[in-house]
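Derivation of every value follows stated rules applied to the coordinates shown; laboratory data play no part. A quick note: this is a predicted structure, and the numbers were derived from the prediction, not measured. When we count neighbours, we look across all protein chains shown, and the Cβ atoms used for this are built from the backbone with ideal geometry, even at glycine.
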Amino acid sequence: MGPGSYEAKVPDAATDLAWRKAATETRAILKKGSEAWSQHGCPGTAECCQLAITKRAPWLWPSEWKVIEDRLKRDKRPLPPAREDGACPFLDAAGKRCTIYEDRPLGCRTYFCHRITGPSRQPAEQTNALLERLASANVAVDDQAAPKSLEAWVSSARRPATCPAEP
Ligand code: SF4
């Protein structure tokens, strides 16, 4: 089974359970990520969410995308439409706030832009350890699992699961 296949077809019960466990582990990893970067901050301009401009979209493992999908399902929210400005579709209409903030991926928690504030020493070791833990959680379910860009996840989620029959 390839990465993200759980969204394209109904998984069997064992696979579904395995991805649920990976999502639970991922939530713990994301929490640790926020804790690791808790001494750092930024002015909160959301410039980093202007993905068409920054060309630095976060890359998500399947379990990170599952965490977002679970959040949307829980809130009974549809996948947001593409934004005309090319920003992340999870950015709010005003372009200031992440609408999935508590469930945002690890990459969005790491203050990767020049506006970072806080101690000069950044938690690189902790972040790398969390990335390895994230990889393990995914590869344990699917040895072919790999991260892909947020745009790629959104675009594959928008694609219908089955093609309509030809006339
Ligand atoms: S998921 Fe949230 S924090 Fe990450 S790029 Fe999108 S709007 Fe910004």
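Filtering region 48-82 down to residues that are within 10 Å of the ligand (Cβ to nearest atom) and part of a loop (DSSP other than H, G, I, E, B), which residue is farthest from R20 (Cα to Cα)? Of everything passing the filter in region 48-82, Q50 is farthest from R20 (Cα to Cα). From the list V154, V139, which one is more than 16 Å from the ligand (Cβ to nearest atom) and within 14 Å of E64 (Cβ to Cβ)? Answer to the selection: V139. The set of residues in region 98-117 that are within 7 Å of the ligand (Cβ to nearest atom) and part of a strand (DSSP E or B) contains only C98. Of the residues P80, P147, P119, P123, the single one that is closer than 22 Å to T54 by Cα and touching a residue at least 40 places away in the same chain (Cβ under 8 Å) is P147.
Go through (1) within 10 Å of the ligand (Cβ to nearest atom); (2) crowded, with 17+ Cβ neighbours inside 10 Å; (3) without any contact (Cβ under 8 Å) to a residue 60 or more places away in the chain one by one and return the number of the condition G95 breaks. Tallying (1) within 10 Å of the ligand (Cβ to nearest atom); (2) crowded, with 17+ Cβ neighbours inside 10 Å; (3) without any contact (Cβ under 8 Å) to a residue 60 or more places away in the chain, G95 fails exactly one: (2).
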